[in-house]
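Trainee: Here you go, one structure.
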Amino acid sequence: QGAGPFMGCLPMFLQMPIWIAMWQAMQTTFELRHAPFLYGWTWIDDLSKPDHLIDFAQMGIPTVNIFNILIISGINILPVLLAITFYIQTRITPQPQAATPEQAQQQKMMKWMMVFMFPLLLYSQPSGLCIYTLTSTIIGIIESRLIRKKFDRAEALAAKFQIEEG
């Protein structure tokens with residue numbers, strides 16, 4: 001129906017080893033510790049820690065720990081930007097028509113899980129990993145838009161030649 005497996009989650013699964021390697025590098029590599037993003041021009045002063053715009057410890061607010069999975073010790077901007085970017089990506093990605101109500105429900109669940117669950121999982125992770133994911137997603141959106149425009153132009157040109165020949 002116009003959408004192949006390369007337009008869905010397959011590219012994200014192919015990036016999974018890169019994410020795991022980057023997470024490990026952020027946790028263990030000494031050179032990346034206390035390395036600021038863009039030479040200190042941003043609020044991100046350590047790529048191996050979450051990007052706290054507002055740190056709760058400095059304000060005397062206790063850390064929120066949700067099931068030892070999500071630890072909120074400040075307000076992080078990059079996961080919020082990721083959620084916005086994932087939402088934009090789900091809006092522009094063509095979806096095949098659902099034949100059954102179950103398929104429609106599954107498409108909705110996948111869309112909203114991508115928008116909410118992935119940024120929540122990255123909320124307390126290193127900001128370097130969030131920057132990589134955000135950059136990769138934005139480049140993917142731009143690339144898919146350029147490819148879609150190229151296909152649309154080719155289809156319009158082919159339709160024009162069919163009309164002129166016919």
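Where a number appears in this text, it was derived from the coordinates with a stated rule and is not lab data. From a predicted model like this one, the values you see are computed outputs, not experimental measurements. Cβ coordinates were reconstructed from backbone atoms using ideal geometry, including for glycine residues, and neighbour counts include every protein chain displayed.
Trainee: What net charge do the residues around Ala25 carry, taking every other residue with its C-beta under 13 Å from that of Ala25, with Lys and Arg at +1 and Asp and Glu at -1?
Mentor: 0
Trainee: Cross-link candidates for Lys149: which lysines have Cα within less than 23 Å, leaving aside residues fewer than 8 places away along the same chain?
Mentor: Of all the lysines, those that pass the test against Lys149 - Cα under 23 Å, at least 8 places apart if same chain - are Lys160.
Trainee: 7 Å from Cα along Cα→Cβ at both Tyr87 and Met117: what's the point-to-point distance in nm?
Mentor: Between Tyr87 and Met117, the simple spin-label model gives 1.9 nm.
Trainee: Then there's this: With r defined as the distance between the Cβ atoms of Gln106 and Ala25 and R0 fixed at 30 Å, what FRET efficiency is calculated, to the nearest 0.05?
Mentor: Using R0 = 30 Å, I get an efficiency of 0.30.
Trainee: Here's another thing I want to ask about it. Please list, in order, the residues from region 53-77 whose amide nitrogen is less than 15 Å from a point placed 7 Å along the Cα→Cβ vector of Trp43.
Mentor: 53-59, 73-77
Trainee: What does the charge count near Phe86 come to, summing +1 for each Lys or Arg and -1 for each Asp or Glu among other residues with Cβ under 15 Å from its Cβ?
Mentor: With Lys, Arg at +1 and Asp, Glu at -1, the neighbours total +3.
Trainee: Between (1) 179; (2) 135; (3) 158, which entry matches volume of the Cα convex hull per residue in Å³ as derived from the coordinates of this structure?
Mentor: (3)
Trainee: Also, quick follow-up: Helix-only mean residue ellipticity at 222 nm, the chain, DSSP H runs n ≥ 4 weighted -39,500 (n - 2.57), per residue, nearest 500. What is it?
Mentor: After summing the helix terms and dividing by the residues of the chain, the value is -20500 deg cm²/dmol.
Trainee: Here is a follow-up. Given Cα pairs under 8 Å that are at least 6 residues apart, what percent is the relative contact order of region 31-166?
Mentor: Worked out over region 31-166, it gives 25 percent.
Trainee: Continuing with this model, one more query. In the Gaussian network model of the chain, springs joining C-alpha atoms below 10 Å, which of Tyr123, Tyr39, Tyr87 carries the largest mean-square fluctuation?
Mentor: Tyr39
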